[in-house]
Amino acid sequence: MAQHPLFLRFGELYRAERFEEALAILDRLEQALPGAPQVSWHRANCLEKLERYDEVAAALDRVLEGAPDYVPAIIKRVRYTPDGFADEDDDDELPEGQLMQRAAERAERARESSRFAESELRRALSLQPDNVDGLELLSNVLRYREDEELDASRVEAEALLDRAIELAPDRVDLIETRANTLRSDALCGYAEGDENLPASDPDLVQTYAGLRYHRPTLERALADYDRCLALTGHHRYAVRLGMVLHDLGRFDEALARYDQALAQMEPADPTREHVCELRERSEDQGAGEREQVARLLERGLTGEGDRSLQDDLAAQAVIGAAQAVRHGRSLQEALDSRLSEDPETLVAMNIAQQILNTAHEPPPQLEEVDPARFPLYQRRYVERIGRDIAPLGLDYIGDAEATGLFPMLGQHVLIRFFADGEGEIGIAAFAIRPKWPGLSGFLRMLLARQWKSHGMLECVSQFEDGTHLSTQFENPSPFRYEGAVQIERLPVATPVRDLVARHLERHAAYKAGHPGVRPLIANDVEGMDLRWREGQMSKREYRRSIGYISDAELRQLLGDNYDQYAVRVREQLALLAEDYA
């Protein structure tokens with residue numbers, strides 16, 4: 001059968017990335033060829049390119065109605081299967097029993113989603129056993145599932161990924177995924193007090209920090225990173241090689257890889273400083289032990305999945321211990337200073353540490369990301385904000401994740417950035433889901449960084465004199481600022497256009513009152529990262545100037561528990577702050 005001539009025009013428009021016009025052609029094709037699965041398939045791809053993700057699944061369903069065995073559509077449909085955590089009404093005020101029931105229901109939906117994904121992907125692979133995307137996606141589903149056969153699932157996941165790489169030996173994304181998982185799997189544990197790790201096992205390598213790795217597995221990861229570097233020439237793989245070589249105790253080779261990466265990087269590259277710090281660890285046959293121990297502590301806080309609230313409590317102690325190591329404490333001293341057998345002291349320690357974390361927030365380390373990797377509720381929020389911002393004449397900058405903040409947040413968060421035409425003002429939109437509380441509802445209130453509201457929108461200006469202007473929606477954070485840090489909060493019902501207009505007014509007023517002070521310019525994600533870091537410095541100085549938290553802030557933070565915990569928190573804050581002097 002001859003192809004409809006409109007398909008030719010559609011192909012031209014699609015290749016030219018004129019996706020709206022291509023959709024219009026598909027509308028005409030749908031009238032000419034009602035129910036044709038190929039038309040729905042092209043529509044799904046167009047919608048995906050236009051980031052209209054909420055409409056993609058329906059288009060794919062229409063494809064599969066007409067062509068149920070079309071493997072690319074089966075696989076893509078799995079990618080757009082809800083993760084079981086779709087938006088729901090705010091449930092913070094529900095009784096604990098209902099909250100537990102809702103959490104259980106969410107978990108069950110997630111399991112159902114995983115089972116559906118596995119079933120459909122196995123069906124797809126029965127039709128096309130060598131479909132690389134299907135193999136990779138099923139590997140991912142099996143690796144991160146939670147069931148009684150976890151070990152067997154992971155073994156199969158590894159085999160599937162190996163097969164995908166065998167079929168597509170030049171797919172760098174697959175090889176990097178395997179390298180990352182191998183590097184993670186190579187970690188055996190911490191040497192001190194671990195009776196399950198024999199001290200003289202030749203297959204184990206121990207770092208200065210006391211971590212032990214399975215040498216053959218780590219060397220397999222090394223080989224995969226080397227292959228990624230050979231295929232792409234990208235300096236980030238040279239950095240990965242340097243890190244693995246350092247853990248293997250091959251310090252001279254690590255230095256050579258770091259030098260290779262630095263030779264490729266631009267002098268103004270914001271990650272250059274981080275690579276230089278990594279390089280310093282390998283100098284003098286692995287000197288810089290304290291920094292290495294601190295980084296290894298923090299590395300344990302990273303991962304693919306979000307943390308529970310119980311895990312967050314331990315994570316705050318680890319973050320503080322890492323800082324204590326940097327300040328000169330031994331590892332045991334650092335851990336002892338963040339842990340206590342007395343429950344009330346432990347709570348006070350955690351509150352004090354989180355207050356310090358507010359001031360000493362790590363660099364954001366923004367990395368551009370594919371929004372499809374993030375939960376549906378996050379994508380929906382930034383897309384809604386984007387629609388509200390579109391008529392305001394602002395520029396879309398990009399989608400990113402602040403990877404440096406994951407150890408603190410315990411969640412992967414999608415951030416969509418916008419800017420005015422000059423790049424003087426940045427706008428960030430993101431949504432974050434509050435953690436399910438494993439302790440009392442009181443502790444949930446203490447986690448000031450875990451917003452109860454799902455969505456956040458903030459307009460920011462940063463000036464060369466250190467002044468930080470922020471206009472944002474009202475939120476539960478108790479922290480207030482004065483002086484160089486000027487934050488204005490508007491009611492959450494404020495229209496986006498009004499919030500942006502208010503910030504433009506404040507920005508213009510500051511420029512008019514300080515004609516010799518220039519705003520920092522950010523027209524890309526890199527620039528947003530640098531401006532974020534400057535804002536962190538301004539906030540840190542203010543926090544230090546007031547002893548990290550005012551009494552009014554502490555009262556709001558503790559609420560009815562102020563009398564019980566205030567003195568303890570102040571005592572712990574004074575002790576822990578010594579490690580930040």
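Going 7 Å from the Cα of ARG518 along its beta-carbon direction, which residues of the range 408-434 have the amide nitrogen within less than 14 Å of the resulting point?
What the label zone holds, given the 14 Å backbone N cut-off, is 423-424.
Sort all Cα-Cα distances of the range 488-581 into consecutive 5 angstrom bins from zero, then give the percent of pairs in each bin up to the one containing the longest distance.
Taking all Cα pairs of the range 488-581, the binned fractions are 2, 10, 11, 14, 17, 15, 12, 11, 7, 1 percent.
Please work out the C-alpha center-to-center distance from the range 7-30 to the range 158-188 and express it in whole Å.
The range 7-30 and the range 158-188 have Cα centres spaced 36 Å from each other.
If you place +1 on the Cβ of every Lys and Arg, -1 on the Cβ of every Asp and Glu, and leave all else neutral, what size is the dipole of the range 457-532 about its Cα centre, to the nearest 20 Debye?
On the way: 8 positive and 11 negative charges, 46 e Å.
That gives the range 457-532 a dipole magnitude of about 220 debye.
Per 5 Å bin, what is the whole-percent P(r) computed from every C-alpha pair distance within the range 341-423?
3, 12, 17, 17, 15, 13, 10, 6, 4, 2, 1, 0
Would you kindly state how much longer the chain becomes between GLU367 and ALA223 on full extension, computed as 0.36 nm times their sequence separation minus their alpha carbon distance, in nm to one decimal? Could you put the intermediate results ahead of the total?
Numbers: separation 144, 0.36 × 144 = 51.84 nm, distance 2.47 nm.
Computed gain between GLU367 and ALA223 is 49.4 nm.
Considering all alpha-carbon pairs of the range 224-299, what whole percent are spaced by more than 14 angstrom? Walk me through the numbers before you get to the answer.
Numbers: 1658 of 2850 pairs.
The proportion of pairs with Cα distances above 14 Å equals 58 percent.
Share of antiparallel DSSP beta bridges in the chain, in percent to the nearest 5? Please report the intermediate quantities before stating the final value.
Values: 31 of 37 bridges.
Bridges in the chain that DSSP calls antiparallel: roughly 85 percent.
At 7 Å along the Cα-to-beta-carbon direction for both ALA104 and GLU277, put a label point, then send me their distance in nm to one decimal.
In this crude label model, ALA104 to GLU277 measures out at 4.4 nm.
Between ASN180 and GLU333, what's the calculated FRET efficiency when r is the beta-carbon distance and R0 is 25 Å? Round to 0.05. Each step should come with its number before you reach the end.
Details: r = 32 Å, r/R0 = 1.30.
The value I calculate is 0.15.
Just report the Cα centroid separation between the range 468-506 and the range 226-273, whole Å.
Distance between centres, Cα-based: 41 Å.
Near the amide H of PHE473, under 5 Å away, which other amide H atoms are found, from residues 5 or more places off or on another chain, if H is placed in the peptide plane?
Those qualifying (amide H under 5 Å, at least 5 residues apart or on another chain) are LEU457, LEU490.
For the chain, with every protein chain kept in place, what is the accessible area per residue (1.4 Å probe, Å²)? List each step's numbers first, then the result.
Values: 27950 Å² over 581 residues.
Per residue, the chain has an accessible area of 48 Å².
Round to a whole number: what % of the accessible area of the chain belongs to carbon and sulfur, probe 1.4 Å? Walk me through the numbers on the way to the answer.
Details: 14040 of 27950 Å².
Percent of accessible area from carbon and sulfur atoms in the chain: 50.
What residues of the range 4-19 lie in the reach of a label at GLN31, counting those whose backbone N is under 18 Å from a point 7 Å from the Cα along Cα→Cβ?
Counting only backbone N, you get 4-10.
Restricting the calculation to Cα positions, tell me the Rg (one decimal) and the Dmax (whole number) of the range 1-69 in Å.
Just the Cα atoms of the range 1-69 yield Rg and Dmax of 11.4, 33 Å.
Count the lysine pairs in the chain whose Cα atoms sit under 23 Å apart, keeping only pairs 8 or more residues apart in sequence or on different chains.
Values: LYS49/LYS76; LYS435/LYS452; LYS452/LYS539; LYS511/LYS539.
Step by step, the pairs that qualify in the chain add up to 4.
As a check on your grasp of the helix formula, calculate [θ] at 222 nm for the chain: sum -39500 (n - 2.57) over DSSP H runs of n ≥ 4, divide by the residue count, round to the nearest 500.
On the way: 24 runs with 337 residues, N = 581.
My calculation for the chain gives -18500 deg cm²/dmol from helical runs alone.
Here are labelled values, [x] 28.7, 117; [y] 29.3, 101; [z] 25.8, 82, and one is the computed Rg and Dmax of the Cα atoms in Å for what I pasted. Which one?
[z]
Under a Cβ-only charge scheme (Lys and Arg +1, Asp and Glu -1), can you give me the dipole magnitude of the chain about the Cα centre, in debye to the nearest 20? Write down the numbers at each step before the final one.
Numbers: 70 positive and 106 negative charges, 186 e Å.
With only Lys, Arg, Asp and Glu charged at Cβ, the dipole is about 900 debye.
For labels at GLU166 and GLU65 in the simple 7 Å Cα→Cβ model, what's the distance in nm?
Those two pseudo-labels are separated by 4.0 nm.
The values are calculated or read from the model by the stated rules, or taken from the named source; none is laboratory data. Model, not experiment: these values are computed from the prediction. Methodologically, a virtual Cβ is constructed for each residue, glycine included, from the backbone with ideal geometry; neighbour enumeration extends over all protein chains shown. Surface accessibility is based on the protein's heavy atoms, side chains included, excluding ligands, DNA and RNA. Shrake-Rupley method; radii C 1.70, N 1.55, O 1.52, S 1.80 Å.
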